[in-house]
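As structure tokens, the structure follows; a few thoughts come after it.
The values are calculated or read from the model by the stated rules, or taken from the named source; none is laboratory data. Note that the coordinates shown come from a computational prediction; the quantities given were computed from them, not determined experimentally. FYI the Cβ positions are ideal-geometry reconstructions off the backbone, even for glycines, and counts take in every protein chain you see. Note: areas computed on protein heavy atoms with side chains; ligands, DNA, RNA excluded. Shrake-Rupley method; radii C 1.70, N 1.55, O 1.52, S 1.80 Å.
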Amino acid sequence: MSPTQEFLIKDEKVYSGALSCRGCAWSLLARHLSSILGDNTVYVVPACCFSIISGPYPLNGLKGNIVHTVFAGASATATGVRAALDRQGKADTTVVVLAGDGGTFDIGLQALSGAAARGENILYVVNNNGAYMNTGIQTSTATPYGAVTTTNPGGGYKRTWPKDLMGIIAAHNLPYAATCSLAYLDDLRRKVRKAADTRGFRLLMVDGPCPPGHKTDPALSISIARLAVETKLFPLFEIERQRYTLNYIPDKEVPVTECLKYQGRFKHLFNEENGYILEEIQEHADHYWRQLQTKAELSWNGKEKEKT
Amino acid sequence: MLEEIKSTSLAGEDKLPKYRDHEERILKGNYAAAEAARLCRVGFIPAYPITPQTTIVERLSEMVANGELDATYINMDSEHSVFAAAMGAALGGERVFTATAGQGLFYAHEVLQAISHFRLPMVVCNVGRPSIPWNIWSDQSDSLSQRDTGWIQYYGESAQEVLDTIIQSYMLSEKLNIPVMAVLDAFYQSHTSENIWVPSQKLVDAFLPPRKAGAMHIDLEHPKAFGGLVPPEHYYKFSYNAWKDARKVEALSTEIAARFARYFGRQYSNVEAVNIGPHTRLVLVTVSTITTTARGVVRNYPDVGLLKLRLFRPFPKTGVLEALRALPDDAVLANVERNFLGDAEGAIQQEMKRALFGARNLRMLDFYAGVGGKDVPPETIEKIIYQAKNDPRDISWADVD
Ligand SMILES: Cc1ncc(C[n+]2csc(CCOP(=O)(O)OP(=O)(O)O)c2C)c(N)n1
Ligand code: SF4
Ligand SMILES: [Mg+2]
């Protein structure tokens with residue numbers, strides 16, 4: 001990727017004074033999203049940190065309509081909003097769900113799957129910060145293997161692997177789904193544009209830095225997000241009707257520990273007796289990457305898709 | 001103009017009334033509900049099947065498919081999603097209808113709260129059935145357990161009443177921005193055919209104007225945030241406003257029913273008194289189809305009256321007191337329950353006691369009668385009357401004790 005000015009926000013759609021913690025993904029994500037999607041957008045937000053960040057009544061942090069809705073119901077509420085707008089000839093208005101990982105991987109998965117399978121014309125954006133942050137860092141099914149949260153009855157840290165949401169989403173045969181990182185803004189902004197220009201159900205999953213939840217230095221949020229991509233813990237890829245494209249191939253092998261070591265939630269893994277867990281995580285990341293590579297190869301008849 | 005389309009009850013060759021601008025049809029209760037939704041020109045119908053509601057959403061699907069109804073109909077993934085979608089479309093300005101029953105209503109509980117707290121108008125039919133262990137028969141524990149969700153609740157005695165109540169409900173709901181639940185009895189009503197007078201579209205259009213955008217409406221020109229974090233002072237104020245509007249329901253419902261009678265020729269009241277006067281010793285208090293059975297029985301008992309509750313939430317206290325005005329203080333009320341909510345007394349007696357507290361000191365007897373779909377035939381009503389007169393007990397299970 002050659003350096004561009006594409007990451008600059010030219011048309012600010014978020015008022016100053018966001019209520020997030022320092023170094024939070026939500027605020028930066030909302031600024032980029034809204035600057036691209038523009039005014040003709042309705043945001044649907046289930047319970048998550050963004051419900052708070054966007055401002056208490058009577059404030060609205062976004063220069064757009066926000067419909068706050070029940071935790072499990074974002075995709076369904078968006079379906080109703082979409083239907084109403086369509087009936088009133090406003091098919092060009094973008095309806096966007098902004099949800100957390102808990103609201104997506106767990107409680108909202110059924111409604112999400114329903115809307116995706118129906119092909120609702122909705123853009124779904126999930127900020128995956130790997131836990132229920134708003135309620136105080138409880139384990140979700142997106143929480144990484146080995147991470148500490150405030151609910152780990154199994155012995156201090158999560159001992160199961162997170163759900164492969166992108167795999168689940170791919171199985172819905174969506175026109176467009178992609179992973180995005182706030183450390184790769186050119187790529188993120190291109191994907192938002194592409195998603196906005198696609199009709200049907202689209203999903204973007206963003207790797208979401210959360211300093212209090214990940215026990216990280218707020219100043220390192222973007223650096224750690226970059227390392228997640230470089231170490232292949234969070235690969236950047238797109239899925240178009242089950243066809244995969246890898247968007248960023250790191251030019252050198254960086255071990256996962258390089259990313260994990262900055263995060264207090266993984267601190268215990270660096271004790272000698274837990275070394276095997278780090279190995280498991282490395283193995284899991286490598287395997288997931290190989291799977292993606294294979295899928296990408298198979299997707300376009302053996303030829304890698306031309307980079308867009 | 002209004003005079004022209006105004007419908008009146010004409011005495012025909014036989015005793016049955018005839019109504020102008022109506023078509024006489026034989027319809028099951030569920031189909032009558034679907035006809036009402038069509039006539040109200042609903043724009044959005046999110047649907048999920050559950051016995052005994054299914055034929056309502058099946059019929060609506062057919063209407064949308066064949067062009068009888070211009071609505072967006074979506075097969076949702078659950079009732080939680082049905083109500084969440086209903087909420088989204090109502091915020092978008094659409095007139096929304098759906099139907100559910102039992103587990104579906106229980107499942108939607110969270111969103112029922114959200115819809116009423118968002119002050120969104122809509123009308124939903126519930127075909128009453130109780131909770132698992134599986135039972136699909138008539139029981140009002142589902143809707144009565146949701147009586148405190150901020151929705152207006154009507155219980156229909158006949159399929160005609162359901163159809164007519166739905167039409168009135170849209171007007172009430174859209175005037176006050178409070179959602180309405182119109183409740184049918186499973187099978188006795190949902191799947192039983194009746195002679196129904198279906199009004200013409202012209203008549204309904206003259207009565208019910210299209211929905212107007214209110215404050216809770218997505219306006220792309222003037223963006224707002226709906227339902228975000230509301231601090232205590234504001235929440236308190238919102239609740240105060242909701243309370244003020246809830247207090248208008250009883251009178252407005254009466255007013256709308258009177259207007260409805262002028263257009264359609266059929267009279268409805270929030271509560272109906274049958275044979276209640278100075279001579280009455282006992283009054284049966286009933287909702288929905290049990291009322292019809294009781295009507296037949298009390299004809300044979302000159303000293304037994306009947307109080308039918310059509311509006312149940314907000315509870316029509318004024319109407320109840322008015323209906324009982326001529327009743328002597330030593331008369332007895334027998335509340336006939338088709339619900340069991342885990343307390344000693346059923347929902348009807350709880351509400352009746354609250355309504356009468358401080359105003360009338362009438363003895364009340366509670367009779368659990370139709371729980372779990374158990375039939376309430378005339379014999380059960382007679383048993384209740386007999387027991388109330390000869391062996392009055394505070395609470396009894398009519399067919400057990
Ligand atoms: C039905 C229901 N259950 C639980 C909650 C409590 N709750 C509110 S926000 C939240 C956490 C959200 O987590 P996530 O979706 O990951 O978003 P984040 O806070 O991490 O941004 C929870 C559990 C709720 N609002 N509704
Ligand atoms: S807890 Fe995490 S997700 Fe929530 S506002 Fe703070 S940084 Fe953002
Ligand atoms: Mg989260």
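Couple of notes before you dig in:
- Verdict on A:Ala83 being aliphatic (A, V, I, L, M), at pLDDT 95 or above and more than 15 Å from ligand 1 (Cβ to nearest atom): yes
- Any hit, the stretch A:195-209, residues being over 29 Å from A:Asp39 (Cβ atoms) and open to solvent by 10 Å² or more (accessible area, probe 1.4 Å): no
So that you can scan it fast, the table gives a plain yes or no per residue for (1) of a type outside the set (Ser, Thr, Tyr); (2) outside the structural domain of B:Tyr155 (by TED's automatic domain parsing):
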| site | (1), (2) |
| --- | --- |
| B:Asp245 | yes, no |
| B:Leu252 | yes, no |
| B:Ile256 | yes, no |
| B:Val287 | yes, yes |
| B:Thr293 | no, yes |
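- Hey, A:Tyr276 surrounded by fewer than 19 Cβ atoms within 10 Å (Cβ to Cβ) and in a loop (DSSP other than H, G, I, E, B) or not: no
- Taken together, the residues in the stretch A:181-219 that are more than 16 Å from A:Ser27 (Cα to Cα) and within 16 Å of ligand 2 (Cβ to nearest atom) amount to 4.
- Once the stretch B:85-108 is narrowed to residues that are open to solvent by 10 Å² or more (accessible area, probe 1.4 Å) and more than 7 Å from chain A (Cβ to nearest Cβ), the residue that is nearest to A:Lys90 (Cα to Cα) is B:Arg95.
- Pair list, Cβ under 9 Å, 6 or more apart: the stretch B:189-209 residue outside the structural domain of B:Ser158 (by TED's automatic domain parsing), other residue buried (at least 16 other Cβ atoms within 10 Å of the Cβ): none
- Top-ranked residue in the stretch B:41-84 [being in contact (Cβ under 8 Å) with a residue 40 or more places away in the chain and of a type in the set (A, V, I, L, M); ranked as nearest to the other protein chains (Cβ to nearest Cβ)]: B:Ile45
- Tallying residues that are away from ligand 3 (no atom under 13 Å from the Cβ), more than 8 Å from chain B (Cβ to nearest Cβ) and either hydroxyl-bearing (Ser, Thr, Tyr) or in contact (Cβ under 8 Å) with a residue 60 or more places away in the chain (or both) within the stretch A:34-55 yields 6.
- Residues satisfying the stated conditions in the stretch A:180-194, i.e. buried (at least 21 other Cβ atoms within 10 Å of the Cβ) and within 16 Å of A:Tyr124 (Cα to Cα): A:Cys180, A:Ser181, A:Leu188, A:Lys191, A:Val192
- Any chance A:Gln88 is surrounded by fewer than 20 Cβ atoms within 10 Å (Cβ to Cβ), within 9 Å of chain B (Cβ to nearest Cβ) and either among the polar types (S, T, N, Q) or within 16 Å of ligand 2 (Cβ to nearest atom) (or both): yes
- Failed item, numbered, when B:Tyr268 is tested on (1) more than 21 Å from the chain's Cα centre (by Cα); (2) farther than 30 Å from A:Tyr57 by Cβ: (1)
- Residue among A:Gly61, A:Gly80 that alone is in contact with a Phe, Trp or Tyr (Cβ under 9 Å, 6 or more places away or on another chain) and in contact (Cβ under 8 Å) with a residue 40 or more places away in the chain: A:Gly61
- So A:Gly130, is it buried (at least 22 other Cβ atoms within 10 Å of the Cβ) and within 16 Å of ligand 3 (Cβ to nearest atom): yes
- The single condition from (1) open to solvent by less than 20 Å² (accessible area, probe 1.4 Å); (2) within 16 Å of ligand 1 (Cβ to nearest atom) that A:Arg22 fails is (1).
- Residue list for the stretch A:46-72, restricted to those being away from ligand 2 (no atom under 12 Å from the Cβ) and of a type in the set (Val, Ile, Thr): A:Ile66, A:Val67, A:Thr69, A:Val70
- Residues that are open to solvent by less than 10 Å² (accessible area, probe 1.4 Å) and more than 7 Å from chain B (Cβ to nearest Cβ) were ranked within the stretch A:56-78; the one that is farthest from ligand 3 (Cβ to nearest atom) is A:Leu62.
- Residue check for A:Thr151: at pLDDT 95 or above, of a type in the set (Ser, Thr, Tyr), within 15 Å of ligand 1 (Cβ to nearest atom) and touching a strand residue (DSSP E or B) at 6+ places or on another chain (Cβ under 9 Å): yes
- Of the criteria (1) more than 11 Å from chain B (Cβ to nearest Cβ); (2) under 14 Å from the mean Cα position of the chain (by Cα); (3) within 11 Å of ligand 1 (Cβ to nearest atom); (4) touching a residue at least 60 places away in the same chain (Cβ under 8 Å), which one A:Ala99 fails: (4)
- Residue within the stretch A:135-145 that is open to solvent by less than 10 Å² (accessible area, probe 1.4 Å) and closer than 30 Å to B:Lys224 by Cα present: no
- Count of residues meeting criterion [within 16 Å of ligand 3 (Cβ to nearest atom) and under 16 Å from A:Arg202 (Cα atoms)] in the stretch A:102-127: 9
- Selection within the stretch A:193-239: residues that are within 16 Å of ligand 1 (Cβ to nearest atom) and among the small types (Gly, Ala, Ser). The member of this set that is farthest from the other protein chains (Cβ to nearest Cβ) is A:Ala225.
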